[in-house]
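The values are calculated or read from the model by the stated rules, or taken from the named source; none is laboratory data. These numbers come from a predicted model, not from an experiment. Here Cβ is always computed from backbone atoms with ideal geometry, including for glycine, and neighbour counts include all displayed protein chains.
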Amino acid sequence: MNRLYQVKEKGQKVAEAIATVLNVEVEIVDEDLVRVAGTGRVKENIGSRMLRGLVNKKVLETGQYLYISSPGHHEICKKCTLAGGCFYKAYIVYPIKVKGEVIGNISLSAFNKEQEDKLRDQRVSMIDFVSKMADFISSKVIEKQMAADRTVMVNRLEAILDSVHEGVMAVDKSGYVTHLNKSSEQIFGLERSKVVGKNLNDLAPNLPLLDLLNGGEGFTYKEVFANFNTQKFHLLSTARPILSETKEVVGAVASYRDYSETQKNVYETFNKQQHLSFDDIIGSSASLQEVVKKAKKIASSNSTVLILGESGTGKELFARAVHEASTQRNKPFVSINCGAIPETLLESELFGYEEGAFTGAKRGGKIGKFELANSGTIFLDEISNMSLYLQAKLLRVLQERQIERVGGNQLVHVDIRVIAAANTDLQDLVTKGLFRDDLYYRLSVIPLEIPPLRERKEDIPQLLDYNRIRYGKLLNKKVIDFEKEALNVCLNYSWPGNVRELINTVEYAINIEESPIIQVESLPPRIWEDVNGKEVIDYDATGETVVKSLDEIEKDAIINALNHFGWSEQGKIKAAKALGTSRATIYRKIQKYKIEPEILN
């Protein structure tokens, strides 16, 4: 829209004022020669475009004013249709500029002899006067544009604030609410029209935002318990003071998040790739499947579970599978290893702490694992490492479903399912006075005991195959199987580190092996060296013991001895000695079993 047109009311008032004071006619045109304002005979043509206007056009082009004493006879007028017979007697045309750009003209016109004489005799003063009027109109155009820019800026800011997920509230230095975005309406359940203009002291006197108006410092992600318009809210807030150019506090602004919504976001961020189910538990042995069957039965319950098993058997995998099969599957699963955190830090990790609770405590305090797990599941691994002091606090959580932060005095309700795990005999610790018996009984409502890998040999081939495929993809290597001897070594190994050790072994072997078949030499040395020093049992590919006849056992023993000592005469003598028989017997058995060197491997 034309800029002069936006201030046409002001322009008309200026034109009428000039005409009254100077007793001449006034005309204002825009850059398209459209009349925006005018007096006298010009007034009736406001809104129409000048048909000729050669003088006005010249001023628009040059930006220089013109005084025409004899319209119709001036050089500029030669091409005009009224040349030599113009009805104007004289006029002054002055440009209206905004930041150096000509946006229109203001003209003083004489239509009779009296007006003509006045323009001629007072030309200098009139030019000075009309220049000031041009500047005045220019200033109104600028004001109008600034107001329009402010409106756009405010609307843009409103749109930005209304698009953010966090609630945003601003107050002036007296505490009156100046802004409330749409997310705030949703959080507090109030329309902004019922909040904006009200004093926050009357709506929520305990909001820490008000402290900033009295010199308080800004804060980030501070937990806030607020009573807003008689309703209670649990929020996470960030606030900053609004300062003037002289650093004076002229207001404050704060953002708010629903506390439970924040917990959900934290859960989704840290657990989006951790949705492990019972299908991720590898193994078909009867002992393992019995535990899986029991875990599936109790998954939908909210009862406490105690998972027992040696280190590396997959206790956390079971805990996650139970959670994933429960009604809390879309709620947080928070895991913490009680044995991996120093005793001095474990309490604050579990229960959180208030600001200033101890030296080095974060401003605003910190949320503990119990609160992060609210409405979901918390997994307490290596529970046996927890001190008696913390055991007492944990017992209170299980009994009352409430926690108290370190350095705080406010009880926070938590709705959580507790799954604990231990790789030691808790009953033995209870007997020794190292573990509370009342806590043990609270934890072991539903015990699950995972058998060690050495007791379920039939699961080993499946675990080897699953992890061979997994690490083959991760390491971009094509490994299609385990050599029979390598598989037999794995089946004879005791796996003190259980499934975790097996997984690390497969990763090691795939890194070392250069062929598509994993050879026994590619296994970690500790494994095949350990097995070589023991009596080896022969297993088939499923992990079942291979039953052989005495002749087969004798034949295999002779072949292994000859492969080891050699097939020469001296090798056969050494083989006979190692097997506790004579050289002649070795020759006889070689003929009986038709043993030949080609049998090697």
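A few remarks follow.
- Residue in the range 377-394 that is in contact with a Ser or Thr (Cβ under 8 Å, 6 or more places away or on another chain), of a type in the set (V, I, T), surrounded by fewer than 16 Cβ atoms within 10 Å (Cβ to Cβ) and closer than 28 Å to R500 by Cα present: no
- Number of the condition not met by K57 [criteria: (1) in contact with a Ser or Thr (Cβ under 9 Å, 6 or more places away or on another chain); (2) more than 16 Å from A110 (Cα to Cα)]: (1)
- Yes/no for I517 being out of contact with any Lys or Arg (no Cβ under 7 Å at 6 or more places or on another chain), in contact (Cβ under 8 Å) with a residue 24 or more places away in the chain and at negative phi: yes
- Within the range 457-481, considering residues that are of a type in the set (K, R) and either touching a Ser or Thr at 6+ places or on another chain (Cβ under 7 Å) or touching a residue at least 40 places away in the same chain (Cβ under 8 Å) (or both), the one nearest to D279 (Cα to Cα): R468
- Residue pairs whose Cβ atoms lie under 8 Å apart, separated by 6 or more positions or on different chains, with the first residue in the range 151-179 and aromatic (F, W, Y) and the second at pLDDT 85 or above and in a strand (DSSP E or B), are Y176/N199.
- You will find that of V418, V412, the residue that is outside any loop (DSSP other than H, G, I, E, B) and modelled with pLDDT of 95 or more is V418 and no other.
- Whenever a residue of the range 313-330 is in contact (Cβ under 8 Å) with a residue 12 or more places away in the chain, its partners that are basic (K, R) and surrounded by fewer than 21 Cβ atoms within 10 Å (Cβ to Cβ), lying with C-beta atoms within less than 7 angstrom and at least six residues away or across chains, give the pairs H323/R329; A325/K296.
- Test: residue in the range 193-209 that is assigned to a strand (DSSP E or B) and touching a strand residue (DSSP E or B) at 6+ places or on another chain (Cβ under 7 Å): yes
- Test: residue in the range 54-71 that is over 18 Å from L33 (Cβ atoms), assigned by TED's automatic domain parsing to the domain that holds G11 and among the charged types (D, E, K, R): no
- Residue that is surrounded by the fewest Cβ atoms within 10 Å (Cβ to Cβ), among those in the range 441-456 that are in contact (Cβ under 8 Å) with a residue 40 or more places away in the chain and either in a helix (DSSP H, G or I) or more than 38 Å from the chain's Cα centre (by Cα) (or both): E455
- Residue in the range 459-499 that is surrounded by the fewest Cβ atoms within 10 Å (Cβ to Cβ), counting only those that are at positive phi and assigned to a loop (DSSP other than H, G, I, E, B): N476
- Contact map, the range 23-48: residues that are more than 20 Å from I103 (Cβ to Cβ) paired with residues that are assigned to a loop (DSSP other than H, G, I, E, B), Cβ distance under 6 Å, separation 6+ or inter-chain. Pairs shown: E25/T39.
- Residue in the range 523-531 that is surrounded by fewer than 18 Cβ atoms within 10 Å (Cβ to Cβ), out of contact with any strand residue (DSSP E or B) (no Cβ under 9 Å at 6 or more places or on another chain), of a type outside the set (A, V, I, L, M) and modelled with pLDDT under 90 present: yes
- Residues of the range 404-432 satisfying the condition of being of a type in the set (D, E, K, R) and free of Cβ contacts under 8 Å to residues at least 24 places away in the same chain: D425, D428, K432
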